[in-house]
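The values are calculated or read from the model by the stated rules, or taken from the named source; none is laboratory data. A quick note: this is a predicted structure, and the numbers were derived from the prediction, not measured. With ligands, DNA and RNA removed, areas are computed over all heavy atoms of the protein, side chains included. Shrake-Rupley method; radii C 1.70, N 1.55, O 1.52, S 1.80 Å.
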Amino acid sequence: NPNKTFEYRIMPYGDEHLLLIARDITRVSQLEEMRKDFVANVSHELRTPLTVINGYLEILPIDEDSDPFMQKAMKEMTSQTQRMQSLIEDLLVLSRIEASSERIYENVVNVPVMLAQVEREAQSLNKEKNHTITFHVDEDLYVFGVETELRSACSNLVFNAVHYTPAGGEINVYWQREVNGAQFSVVDNGDGIEQNHLNRLTERFYRVDKARSRKTGGSGLGLSIVKHVLSHHNSRLEISSTLGEGSTFSFVLDNELITEKL
Ligand code: ADP
């Protein structure tokens with residue numbers, strides 16, 4: 001039946017037989033599709049009113065000579081609308097990646113060039129924190145993949161390291177070839193994360209320290225975006241961390257995804 005969706009499992013049955021179990025997941029996947037559409041539509045619809053609010057905020061005649069309360073209100077409204085805008089952008093990115101049917105073997109990504117852009121953005125984000133951020137990237141590394149998605153995964157991981165490492169920290173970013181493929185990793189000497197949080201970090205809106213993460217301005221969707229990007233590229237996020245010592249976020253792109261310059 002083409003209108004039904006099934007999930008299959010094959011198990012050994014005795015010595016000579018296999019048992020095929022088919023589970024009808026039509027309803028579950030319909031609901032999942034509805035949820036995705038709903039999130040995508042709501043995010044899209046929220047964009048316009050926010051742009052309008054932001055536009056008016058920019059032209060309101062409030063400056064350093066204005067009433068201090070008005071200045072404070074203005075600052076808070078501006079920062080909260082910006083937070084909402086970045087949350088909506090992240091929700092849209094996530095919806096786009098979830099719906100992405102772009103084939104990974106159709107595009108070749110020049111890894112050093114892509115990471116050079118991530119590095120520039122990280123350095124500008126780093127102005128207040130003054131970390132030492134060092135990139136170690138193999139030259140001539142080309143992979144099959146969707147560039148916008150991979151860049152977004154890498155920048156989320158690098159920006160998190162910048163946010164969650166106390167000022168003056170050390171952050172090393174690697175993308176190097178190894179036996180199994182090409183490994184990307186971000187190693188920081190920041191706050192670290194308690195073990196019991198590790199396997200929930202990629203859930204939407206999951207945060208270890210809600211109040212503080214919110215202050216850093218993140219949407220709580222970063223690692224969820226990373227997870228989806230990596231699953232689209234047949235990979236997965238590995239996290240290891242020690243509280244107070246730092247964290248390592250890494251993934252490997254399989255040898256099959258490594259290629260030559262086209
Ligand atoms: P957020 O927008 O809150 O940063 P993410 O999905 O990117 O959302 O990250 C989820 C949570 O994981 C963060 O709120 C933070 O608690 C934790 N986290 C992520 N990266 C790091 C890191 N490098 N060091 C310590 N904690 C981290």
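Of note:
- Tensor-based shape of segment 94-153 (alpha-carbon gyration tensor, a/c under 1.5 rounded, otherwise prolate or oblate): oblate
- Between 0 and 90°, nearest 10: helix 68-98 axis offset from the chain longest Cα axis: 10
- Alpha-carbon centroids, segment 7-79 and segment 82-159: separation in whole Å: 19
- Taking a ≥ b ≥ c as the square roots of the eigenvalues of the Cα gyration tensor, segment 20-140 is classed as oblate, since a/c reaches at least 1.5 and a/b does not exceed b/c.
- Calculated accessible area for the chain comes out at 62 Å² per residue, all protein chains present (probe 1.4 Å; ligands, DNA, RNA ignored).
- Of the accessible area of the chain, computed with a 1.4 Å probe over protein heavy atoms only, carbon and sulfur atoms account for 52 percent.
- Prolate/oblate/rounded call for segment 151-262, Cα gyration tensor, a/c under 1.5 rounded: prolate
- Using θ = phi - 60° and Karplus 6.51 cos²θ - 1.76 cosθ + 1.60, couplings along segment 133-138 (whole Hz; Gly, Pro as x): 10, 10, 9, 10, 10, 4
- Residue 103 - accessible surface, heavy atoms, 1.4 Å probe, Å² rounded to 10: 150
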